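We did not get these values from a lab; they are worked out from the coordinates using the rules stated. Keep in mind it's a predicted model, so treat the numbers as computed, not measured. Every residue, glycine as well, gets a Cβ built from its backbone with ideal geometry; the counts of neighbours run over all protein chains shown.
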Amino acid sequence: MTPFQIQVPDSVLDDLRARLQAARPATPAILDGGETPELIERIEGLLAYWRDGYDWRAEERRLNKFPQFRATVDGVGLHFLHVRGSGPDPLPLLLTNGWPSSFVEYLAVLEPLTEAGFSVVVPALPGLGFSDRCLDLPLSRSGLADLFNQLMVDVLGYRHYVAHGDDIGGRVVSRLGIHHSADVRAIQTANWFTLPTPDEVLDDAALAYDAAGTQWDQTHGAYAHVQETRPQTLTYALNDSPTGLAAWILEKFLTWSDPATRTGLSDDDLLTTVMIYWCTQTIGSSMRLYALQDQPRDEFGPVLVPASVLVPNEPDLPAPPESALRRAYPQLFRHRELTRGGHFLALESPETFVDEVTAAFADYLPRR
């Protein structure tokens with residue numbers, strides 16, 4: 001592995017500045033659509049700040065203060081942060097985010113986690129940010145788990161580790177518990193899966209959960225359906241228009257976060273995440289994680305390691321019944337439904353995130 005620093009060329013920033021200055025204003029909001037006036041106002045405020053006040057070079061210096069690396073793993077170039085913990089024997093912790101996030105999601109929790117006794121590794125998903133775009137490779141959640149396990153074991157030399165995942169990363173760490181139980185000691189996921197419920201145990205809770213999931217797909221899932229079925233068409237628009245890209249990404253942060261903790265999403269963190277997609281031109285490759293069909297090995301199976309499930313307080317997100325979770329996670333030792341803090345918990349409430357990760361893996365931390 002080799003050290004890595006972010007260095008966006010001036011030409012990219014000059015081009016972006018010109019595009020933002022020349023951006024055509026959107027037509028008036030369609031108020032009988034799904035977006036609220038408050039959402040549109042926040043997005044337009046962020047776009048104005050991006051054009052007139054945001055300082056990428058200052059953010060670039062901030063990001064480069066963290067130890068970043070690149071390594072080739074099974075032919076794939078992975079970008080990752082590796083922050084070593086305090087004490088003689090810190091516990092290796094893999095943190096993995098999803099779409100449309102980036103490693104920026106975890107910056108505020110790195111120092112307290114290392115002080116708590118973790119050595120933290122934050123890889124960028126292939127196709128996203130400064131990892132390889134992998135346009136010629138079939139990507140699956142199990143394939144991503146294979147790459148991240150090789151990073152932890154073969155590249156970094158950790159014999160055993162624990163893992164927490166959000167969004168797509170939550171499905172990846174579940175696959176770690178299915179396919180790499182000899183290496184990963186325990187997992188925590190904030191994006192669980194459930195196995196099909198046998199008819200003989202199908203109860204009111206399971207039926208209500210299935211119905212709520214269907215309702216969520218209908219009212220919030222349009223983005224996933226488009227990215228799954230028309231990714232290239234959408235890529236033409238988002239890769240060419242910074243305002244379009246920002247609106248597509250920012251809407252998710254501003255609707256999946258808990259309204260009570262949404263103020264934790266700073267303007268700089270939000271726009272820096274957008275900048276990573278813009279500067280690397282990875283919005284199209286990131287959507288391949290939706291468009292590509294799962295490989296046969298990606299079939300669901302029970303997770304074979306101790307597991308914690310963390311349910312964020314995300315608007316309209318249905319909470320799974322514990323009986324359904326236990327079929328997918330037979331060694332479920334912790335099931336937490338948050339009352340504060342949504343989809344992007346590490347950004348919204350870093351203290352809560354650190355507390356939840358530390359509590360989940362307390363039995364594996366070194367004694368002090």
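Residues whose amide H comes within less than 5 Å of that of residue 77, counting only those at least five positions distant or on another chain, are 132 (H built at 1.01 Å from N in the peptide plane). For the chain, the spherically averaged projection of the C-alpha convex hull amounts to 18.4 nm². For the peptides 138-145, 21-28, the ranking by packing is 138-145, 21-28, with the highest mean count of neighbouring Cβ atoms within 10 Å listed first. Database remark: amide H of residue 167 closer than 5 angstrom to the amide H of 190, 191 (H placed geometrically; neighbours at sequence offset of 5 or more, or on other chains; Pro and chain starts carry no H). Here is the P(r) of the stretch 1-106: all C-alpha pair distances, binned every 10 Å from 0, give 10, 27, 30, 20, 10, 1 in whole percents.
When 74, 10 are sorted by how many other C-beta atoms sit within 10 angstrom of their C-beta, beginning with the fewest, the order is 10, 74.
In terms of other Cβ atoms within 10 Å, 180, 82 run from fewest to most in the order 82, 180.
The value of relative contact order for the chain, using C-alpha pairs under 8 Å at least six residues apart, is 20 percent.
Shown for the stretch 102-176 is the translational diffusion coefficient from the Stokes-Einstein equation, using the Kirkwood radius over Cα pairs, a temperature of 37 °C and a viscosity of 0.692 mPa s: 246 µm²/s. Length available on full extension from residue 219 to residue 207: 0.36 nm per residue minus the Cα-Cα distance, which gives 2.5 nm.
Solvent-free Debye calculation, one equal scatterer per alpha-carbon of the stretch 232-314: log10 I(q)/I(0) at 0.12, 0.19 Å⁻¹ equals -0.55, -0.98.
So what is the relative contact order for the stretch 117-222, in percent, with contacts set as C-alpha pairs under 8 Å and at least six apart?
Values: 93 pairs, mean separation 20.0, N = 106.
Computed value for the stretch 117-222: 19 percent relative contact order.
Would you list 214, 197, 352, 273 from fewest to most Cβ contacts within 10 Å? Let's see the in-between values first.
On the way: 214 12, 197 18, 352 21, 273 25.
Going from least to most buried by this count: 214, 197, 352, 273.
Report, in deg cm²/dmol and to the nearest 500, the calculated mean residue ellipticity at 222 nm for the chain, where each DSSP H run with n ≥ 4 adds -39500 (n - 2.57) and the sum is divided by the residue count. Don't skip to the end; give the middle numbers.
Numbers: 15 runs with 163 residues, N = 368.
The per-residue figure over the chain is -13500 deg cm²/dmol.
Here the stretch 222-360 was treated as a single set of alpha-carbon atoms; its pair distances binned every 5 Å from 0 give 2, 9, 14, 15, 16, 18, 15, 8, 2, 0 percent.
Return the Rg/Rh value of the stretch 53-164, two decimal places, where both radii are evaluated on C-alpha atoms and Rh is the Kirkwood radius. Don't skip to the answer; put the middle values down first.
On the way: Rg = 14.3 Å, Rh = 14.7 Å.
Result: Rg/Rh = 0.97.
The three principal axes of the C-alpha atoms in the stretch 249-296 carry coordinate ranges of 41, 26, 14 Å, sorted with the longest axis first.
Each 5 Å bin from zero up to the one holding the largest Cα-Cα distance in the stretch 169-209 carries the following percent of pairs: 5, 20, 22, 14, 13, 17, 7, 1. Using equal-weight Cα scatterers in the Debye expression, the normalised intensity of the stretch 18-79 in log10 at q = 0.16, 0.21 Å⁻¹ is -0.78, -0.90.
Once C-alpha pairs closer than 8 Å and six or more residues apart are averaged by separation and normalised to the residue number of the stretch 276-368, the relative contact order reads 25 percent.
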